[in-house]
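The values are calculated or read from the model by the stated rules, or taken from the named source; none is laboratory data. This structure is a prediction, so every number in the text was calculated from the model and none was measured. Methodologically, a virtual Cβ is constructed for each residue, glycine included, from the backbone with ideal geometry; neighbour enumeration extends over all protein chains shown.
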Amino acid sequence: MISMPPSDNDLHAYIDRQLSEADQRLVDTYLANHPEIAAKVRAWQQDTQRLRTALGGMLQQPANPALDPATIRQRLKHRSRRYLASAAVLLLAVSMGGLGGWHAREMTLLSTAAPMADAMQAYRLFAQQGILPADYQTGDEHSMQDWLDRYFNQINRLPDLSGAGFKPVSGRLLSTEQGAAAMVVYQDPGGQKISFYVRPPGPRNFLLPRGSRRDGELQAEYWSGPGYNYAMVIPSDLPAAQKLRQTLDF
Amino acid sequence: MNELDDQLRVLIPRLRRFALSLTRNPSNADDLVQACLERALSKWNDRRPEGDLRAWLFSILYRQFLDAHRRSRRYARMLEFFTGRDDSQPSAERSVIAQSSLQAFDQLTTEQRALLLWVSVEGLSYQQVADILDVPTGTVMSRLSRARQALRQLSEGEITRPALRRLK
């Protein structure tokens, strides 16, 4: 049982119908005799009603298939399979025993971070989802190169992809465990985006053989140049993908 | 499995609405919902079977939002350090809520928005909200009271000086 006069908390509980029936009636009676408090309560009730109406509209968004529980379950299964695979290698490494095993474990740890996984991650975050604005925007290749040179000594020249219709449009600085990295997004007139990614190989000088890797809807071409690791991330279903891969001959 | 998926499917529009009221950006909101569902499905067995599914999902989503928010703030500071400028200010177009009649709501703190949505719109009990925030119900009530007062003041302010609204 609440005490009279009702406290502010009691009034809010009254609005939210969280009082017992007896208390609810008690407040009804109290409000009937105290018009100024009743006006305050009514204003809160109106705010609540307005909020409900306004937020009600947000329930009517078109469905997003990526959010379907079946799709998400599928994705989780893939991920745990990949995890199990690397766990199996680890087990093998341990059972081989000794220094060899320990060394193999280290190899496993390095390779579980699939080559240039950070490049793909960066592409998803910045090029696809546009979560954060770019650090640098331009329409022109030279100024983009100048921007990159400000942060990285002896970096490769940006690849010229104008043959496939792609021009550098924005750049973003990132941090990795190995140090500062950067991503340059290229765009074609149709709005398709690909990215050029560069990062230092770290103190272990972990350089990469030339290779390519597919992860979901993305394809990464990676290689190492003097002092840096590079990747080009391309959506695999891009019509120009083949042409782009041929362009990257350096 | 299918029955469970159906239970989740029904709640997705509510999760998306909650995420949108927190992030104010539809694609970020959907990313948040996706992360929330992934977490929910992989931690399904930790759930108290008698508990309310909706409240449980809200609490996962809310916590993930706070974590991501903290991370992105740290990230923005780092960027500022590198480039000497602050990119963390979102542009006006990011604020979807600003276009509706919710300007006042949009100016409340994250927790106040969550509180009002849970209690006023979704009709969760004070006890459920207390469980989500991990505070006593008394604290929920006093914070709710402050949130309502803030909303009231902002709504009144809006009528007298609409031009001064800050986009954030």
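Among the residues making up region B:106-127, those that are in contact with a Lys or Arg (Cβ under 9 Å, 6 or more places away or on another chain), part of a helix (DSSP H, G or I) and more than 10 Å from chain A (Cβ to nearest Cβ) are B:Asp106, B:Glu111, B:Gln112, B:Leu115. Looking at region B:31-48, is at least one residue within 10 Å of chain A (Cβ to nearest Cβ) and in contact (Cβ under 8 Å) with a residue 60 or more places away in the chain? Taking every residue of region B:31-48 in turn, none turns out to be within 10 Å of chain A (Cβ to nearest Cβ) and in contact (Cβ under 8 Å) with a residue 60 or more places away in the chain. Number of residues in region B:49-70 that are among the acidic types (Asp, Glu) and touching a residue at least 60 places away in the same chain (Cβ under 8 Å) equals 1. Answer yes or no as to whether A:His34 is modelled with pLDDT of 85 or more, in contact with a Ser or Thr (Cβ under 7 Å, 6 or more places away or on another chain) and either surrounded by 13 or more Cβ atoms within 10 Å (Cβ to Cβ) or of a type outside the set (Ser, Thr, Tyr) (or both). No, not satisfied.
The set of residues from region B:43-95 being surrounded by 13 or more Cβ atoms within 10 Å (Cβ to Cβ), of a type in the set (D, E, K, R), at pLDDT below 85 and part of a helix (DSSP H, G or I) comprises B:Glu80, B:Arg94.
For region B:1-18, the criterion of being outside the structural domain of B:Ala150 (by TED's automatic domain parsing), touching a helix residue (DSSP H, G or I) at 6+ places or on another chain (Cβ under 9 Å) and at pLDDT below 75 is satisfied by at least one residue. Against the conditions (1) under 16 Å from B:Ala19 (Cβ atoms); (2) modelled with pLDDT of 90 or more; (3) crowded, with 20+ Cβ neighbours inside 10 Å, where does B:Phe105 fall short? Just the number, please. B:Phe105 satisfies all of (1) under 16 Å from B:Ala19 (Cβ atoms); (2) modelled with pLDDT of 90 or more; (3) crowded, with 20+ Cβ neighbours inside 10 Å except (2).
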